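Here is the structure we will look at, set down as structure tokens.
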Amino acid sequence: CALSPKPLAATEGYYTYTVSNGAATITDCDESISGAITIPATLGGYPVTVVGKEAFRDNTSIKSVVIPDCYTTIEPAAFRGCTRIQNLSLGAGITSWPESWGSNGAFADCVNLFEIEFAPGITCIGKYAFENCTLLDTLTLPSTVTSVGAGAFKN
């Protein structure tokens, strides 16, 4: 019985990633990244489609995030506790994200987040996705949204 090999991690710039089925997943980010960031569309020549679980968690130097259209998934707690993020722009490829567990939302505890821009096409916002984003002031949900998970905008 042969086991599937575990994807090998590689690093490019600030990002650690794995490749599976021809696409990359960001699994970690160097904590020295800061300011306004646009997450890369390719790493190591592979298209990046996933921001992995806890990849940017607790980075307190990022001020704004743009996630390009090529991304399809934001895993639980990907940006949790990134307390200085003020602006977030989610690309058109993010149509939904997996259900989080407990209070492990993708952008939970981003306490300075005040503006979110959703690209048209998003259909579902995950549980606890923006929990404790207490300064959230500007939010326009596209008409394509059909489901908002429990506690998505709690507190």
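Scoring Tyr14 on the criteria (1) modelled with pLDDT of 95 or more; (2) closer than 29 Å to Gly151 by Cβ; (3) not polar (S, T, N, Q) leaves a single failure, condition (2).
Taken over segment 6-32, residues that are of a type in the set (Phe, Trp, Tyr) and in a loop (DSSP other than H, G, I, E, B) amount to 1.
Yes or no: segment 47-58 includes at least one residue that is at pLDDT 95 or above, within 16 Å of Glu131 (Cβ to Cβ), touching a Lys or Arg at 6+ places or on another chain (Cβ under 8 Å) and surrounded by fewer than 16 Cβ atoms within 10 Å (Cβ to Cβ). For segment 47-58, residues at pLDDT 95 or above, within 16 Å of Glu131 (Cβ to Cβ), touching a Lys or Arg at 6+ places or on another chain (Cβ under 8 Å) and surrounded by fewer than 16 Cβ atoms within 10 Å (Cβ to Cβ): present.
Residues in segment 108-121 that are touching a strand residue (DSSP E or B) at 6+ places or on another chain (Cβ under 7 Å) and buried (at least 18 other Cβ atoms within 10 Å of the Cβ) were compared, and the one that is modelled with the lowest pLDDT is Phe118.
Any residue in segment 135-145 that is crowded, with 18+ Cβ neighbours inside 10 Å, over 13 Å from the mean Cα position of the chain (by Cα), modelled with pLDDT of 90 or more and closer than 18 Å to Glu54 by Cα? No: segment 135-145 contains no residue that is crowded, with 18+ Cβ neighbours inside 10 Å, over 13 Å from the mean Cα position of the chain (by Cα), modelled with pLDDT of 90 or more and closer than 18 Å to Glu54 by Cα. Taken over segment 71-93, the residue count meeting the criterion of being closer than 24 Å to Gly22 by Cβ and open to solvent by 50 Å² or more (accessible area, probe 1.4 Å) is 2. Would you call Pro98 assigned to a loop (DSSP other than H, G, I, E, B) and modelled with pLDDT under 85? Criteria met by Pro98. Being open to solvent by less than 70 Å² (accessible area, probe 1.4 Å) and at pLDDT below 95 is a property that holds for Pro7.
Applying a threshold of 9 Å to beta carbon distances and a minimum spacing of six or more residues, or different chains, the list of pairs starting in segment 60-77 at a residue that is free of Cβ contacts under 8 Å to residues at least 24 places away in the same chain and ending at one that is among the hydroxyl-bearing types (Ser, Thr, Tyr) and open to solvent by 10 Å² or more (accessible area, probe 1.4 Å) reads Thr72/Thr49; Thr72/Thr95.
Residues in segment 59-70 that are among the aliphatic types (A, V, I, L, M) and either in contact with a Pro (Cβ under 8 Å, 6 or more places away or on another chain) or open to solvent by less than 30 Å² (accessible area, probe 1.4 Å) (or both): Ile62, Val65, Ile67.
The values are calculated or read from the model by the stated rules, or taken from the named source; none is laboratory data. Fair warning: this is a prediction, and the values are worked out from it, not measured in the lab. Heads up, the Cβs are rebuilt from the backbone with ideal geometry, glycines too, and the neighbour counts pull from every protein chain shown. Please note that ligands, DNA and RNA were not included when accessible areas were found on the heavy atoms of the full protein model with its side chains. Shrake-Rupley method; radii C 1.70, N 1.55, O 1.52, S 1.80 Å.
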